Amino acid sequence: MKSIVCVSPDWGIGDGAGMLYHIPGDLKYFREQTAGHTVIMGRKTLDSLPGGKPLPKRRNIVLTRDRGFARPGVYLCHDLMELQELLASLGEKDPFVIGGGEIYKMLLPWCDSCLVTRVEQPPEIRPSVFFPNLEKEGWTEKSQTPPLEENGLRYRFTEWVRE
């Protein structure tokens, strides 16, 4: 399992209502990396997608405690055991965790790598949702791209692995 995320310098990912940055290059990278794979997200992340609809060209799994929740085009799981059973039944070996904060924290122990877009500038809005600081969690940065710049923001695509 992999996580994919865009973070601020302090590992912020959102303000509770949405993402901190809108970087077309990062969105393209996200599409390229996750296309054809299963993506795992929480209900709030699904709601934040355009129209609240599942991502196209991907199998979408929503992990939610709300047993009354339903949405066309998504698989639902209500706990980690259900998720594990669903992934096994689908034959999925390389799903991506795509958020939000609680889902990242819950599934990080299952991940063997994280694709992290690291933005150098602090966001205009103050983050209230954070990705675990991989530097403090015993992960190693395996690779990073040269800095890219778009919309006045400098960022890099990095890959992190467990030590």
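A few points about this structure:
- Hey, Arg67 in contact (Cβ under 8 Å) with a residue 12 or more places away in the chain and either surrounded by 13 or more Cβ atoms within 10 Å (Cβ to Cβ) or not aliphatic (A, V, I, L, M) (or both) or not: no
- Val39 within 19 Å of Leu63 (Cα to Cα), out of contact with any helix residue (DSSP H, G or I) (no Cβ under 8 Å at 6 or more places or on another chain) and either among the hydrophobic types (A, V, I, L, M, F, W, C) or surrounded by 13 or more Cβ atoms within 10 Å (Cβ to Cβ) (or both): yes
- Selection from the stretch 76-108 of residues that are touching a residue at least 24 places away in the same chain (Cβ under 8 Å) and among the acidic types (Asp, Glu): Glu92, Asp94, Glu102
- Residues in the stretch 14-47 that are in contact (Cβ under 8 Å) with a residue 40 or more places away in the chain, more than 19 Å from Lys2 (Cβ to Cβ) and assigned to a helix (DSSP H, G or I): Pro24, Gly25, Lys44.
Matching residues to (1) surrounded by 15 or more Cβ atoms within 10 Å (Cβ to Cβ); (2) touching an Asp or Glu at 6+ places or on another chain (Cβ under 9 Å):
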position: Glu82; (1), (2): no, no
position: Ser89; (1), (2): no, no
position: Phe130; (1), (2): yes, yes
position: Thr140; (1), (2): no, yes
position: Ser143; (1), (2): no, yes
position: Pro146; (1), (2): no, no
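- For the stretch 3-25, a residue qualifies if it is of a type outside the set (A, V, I, L, M, F, W, C) and surrounded by fewer than 19 Cβ atoms within 10 Å (Cβ to Cβ), and the qualifying residues are Pro9, Asp10, Asp15, Gly16, Gly18, His22, Pro24, Gly25.
- Qualifying residue in the stretch 77-95 (condition: touching a Leu at 6+ places or on another chain (Cβ under 6 Å), outside any helix (DSSP H, G or I) and over 20 Å from Phe131 (Cα atoms)): yes
- The residue pairs whose first member lies in the stretch 126-149 and is assigned to a strand (DSSP E or B), whose second member is of a type in the set (Lys, Arg), and whose beta carbons are closer than 7 Å, counting only pairs six or more residues apart or on different chains, are Trp139/Arg162; Gln144/Arg156; Leu148/Arg156.
- Flag for Ile61 being under 25 Å from Trp160 (Cα atoms), in contact (Cβ under 8 Å) with a residue 60 or more places away in the chain and not in a loop (DSSP other than H, G, I, E, B): no
- Qualifying residue in the stretch 141-159 (condition: closer than 29 Å to Lys53 by Cβ, touching a Cys at 6+ places or on another chain (Cβ under 7 Å) and of a type outside the set (Asp, Glu)): no
- Count of residues meeting criterion [β-branched (Val, Ile, Thr) and in contact with a Phe, Trp or Tyr (Cβ under 8 Å, 6 or more places away or on another chain)] in the stretch 105-163: 6
- Options His78, His22; residue that is farther than 30 Å from Gly152 by Cα and not β-branched (Val, Ile, Thr): His78
Read-outs: derived from the displayed coordinates by stated rules, not from any lab. Since the model is a prediction, treat every value here as computed from it, not as a measurement. Glycine also receives a Cβ, built like all others from the backbone with ideal geometry; neighbour counts cover every protein chain displayed.
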